[in-house]
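A quick write-up on the structure given underneath.
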Amino acid sequence: MSPSALQDRQHEWLDYYQKFPYFSAEAVRDGCHPRIMEHEGSGAKSIVLVHGLTDSPYFLTAIGEYFFKNLGYNVYLPLLHFHGLKEPQGMEGVKLKEWKANVDFAVEVAAAKSAKVSIGGLSTGGTLSFYTSVKNKKITGTLYLFSAALDLAGGIGGLVGELKERLLRTFMADVLDNDKPLIGANPYRYCRMDMDGARELSKMIKETDTLIKQFNPKKIFSQRVFAAHSESDTTANITGIEDLQKVSLPDRFTFFRIPKAVGVSHASLVLKDSIYAGNARSGEPPLEKANPQFDQMMAAIAAIA
C-alpha cells in the first residue's frame, strides 16, 4: 500500500468490519473508512459522530480530532450501511434499521470505555443522533447537531420539503432514481443523492418528527444540545432546529447560527479544509468549500464541552 493510501486509512476502525461484515477494508474506499480514536485507559468522556447521507466519516474527522486532541474525548465515527463503498451497487438494499444498528454499536463501544457518552452528526447523521439520544439511555452527554436533517428544506413554510419527504416514502423513490454511477470526482462521498438512501432518510425524519412532537413546554427535552446550522442551507431546513429549540431548556441549548451572508452550504459546515476532486489540477476550485467559521464553531463547542 502506498504512503498516500496509508495516510487515507488513519484511525481505521478494523473491529467495525467484524461487527458488520458487509463492510471490509478492501471494500471501503480510501478515506471513507470508519474511524476510532481512543486514549489509553477508560477515559471520562466519549463521543459518537455520525456522517450524512451519501458521504462518509471523513466529513466529521476534523471535528473528531478536535474532540480527541483538544477536549480529551474518545471518538467513534461509524460508517453507515451502503456508504463509502468502492462498488455501492446503487445502494440497492440500504436499510434504516442497519443505520440504527451501526450507530448503536458505536454507542455500545463508547459506553464501555467511558462514563459519559455524547453523540452528534451531520445532516442524516444529526437526525440519527437525535433519535438515538432519545431512545438510547447510554447517551448521557451532549447532543451535537450539524446541519441536522430534522426537516427537508424548500418552499413557503417548508411545504416543498414536506412533499419531498412524503414522496420519498412511496414507490416513487425507485421510479425517480436515474441509476447513474454513484462514484465520481469526490473521494469522500458519492456524486449524487441516491433515492434508495433518500427514502430511508425520509422514514427517519418521520420518526423524529413524531419524537419532537412528544415534547412541549410542559414536557421539555432536557438534554444539553449544541446545534450548528447555516441560514443559507438549501438542503436541511433550519426550522427543524428551531422547532427542537422551542421544546428544549433555554440554558441547555446552544445555537451556533451562521448568517446567510457567509454563504456556508449544507455539508461545508463541518469542514475545516476544502475538499478537491481526486484528480484536481492546481488552481481548480474545490468541490466542497471549508467553513470559514469552523474555528469559531469549535470554540463555541469547547465552551460547553
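With K and R counted +1 and D and E -1, the other residues having a Cβ less than 11 Å from that of ALA111 yield a net charge of +2. Between ALA112, TYR76, PHE59, the Cα set farthest toward the positive side of the dipole of region 15-128 (charges on each charged residue's Cβ, about the Cα centre) is that of ALA112.
Going from the fewest other Cβ atoms within 10 Å to the most, the residues THR132, THR239 appear in the order THR239, THR132. Going by a ≥ b ≥ c, the root eigenvalues of the Cα gyration tensor, does the chain fall in the rounded group (a/c under 1.5), the prolate group (a/b larger than b/c) or the oblate group? Because its axes are fairly even, with a/c under 1.5, the chain counts as rounded. The packing ranking, built from the mean of other Cβ atoms within 10 Å per residue, places the peptides 221-231, 103-113 in the order 221-231, 103-113, highest first.
Note on the chain: with charges restricted to the Cβ of Lys and Arg (+1) and Asp and Glu (-1), its dipole about the Cα centre is near 920 debye.
The value of relative contact order for the chain, using C-alpha pairs under 8 Å at least six residues apart, is 17 percent. Can you find, among VAL28, HIS11, PRO285, the residue sitting farthest towards the positive end of the charge dipole of region 3-304, where Lys and Arg contribute +1 and Asp and Glu -1 at Cβ? Looking along the dipole axis, the top candidate is HIS11. The fewest-to-most ranking of TYR188, TYR144, TYR73, TYR22 by surrounding Cβ atoms within 10 Å reads TYR22, TYR188, TYR73, TYR144. Label-to-label distance, ARG9 versus ALA303, with points set 7 angstrom from Cα along the beta-carbon direction: 4.2 nm. From helices alone, the chain scores -10000 deg cm²/dmol at 222 nm; the rule is -39500 (n - 2.57) for each run of n ≥ 4 DSSP H residues, then divide by the residue total. Neighbour counting of Cβ atoms within 10 Å sorts the residues ARG9, ARG199, ARG29, fewest neighbours leading, into ARG9, ARG29, ARG199. DSSP bridge analysis restricted to the chain gives an antiparallel fraction near 25%, rounded to the nearest 5. Anisotropy class assigned to region 1-133 is oblate, per the alpha carbon gyration tensor with a/c at or over the 1.5 cut-off and a/b no larger than b/c.
No value in this document is a laboratory result; all are computed from the given coordinates. This structure is a prediction, so every number in the text was calculated from the model and none was measured. Reconstructed Cβ throughout: ideal geometry from the backbone, glycine too, with neighbour counts over all protein chains shown.
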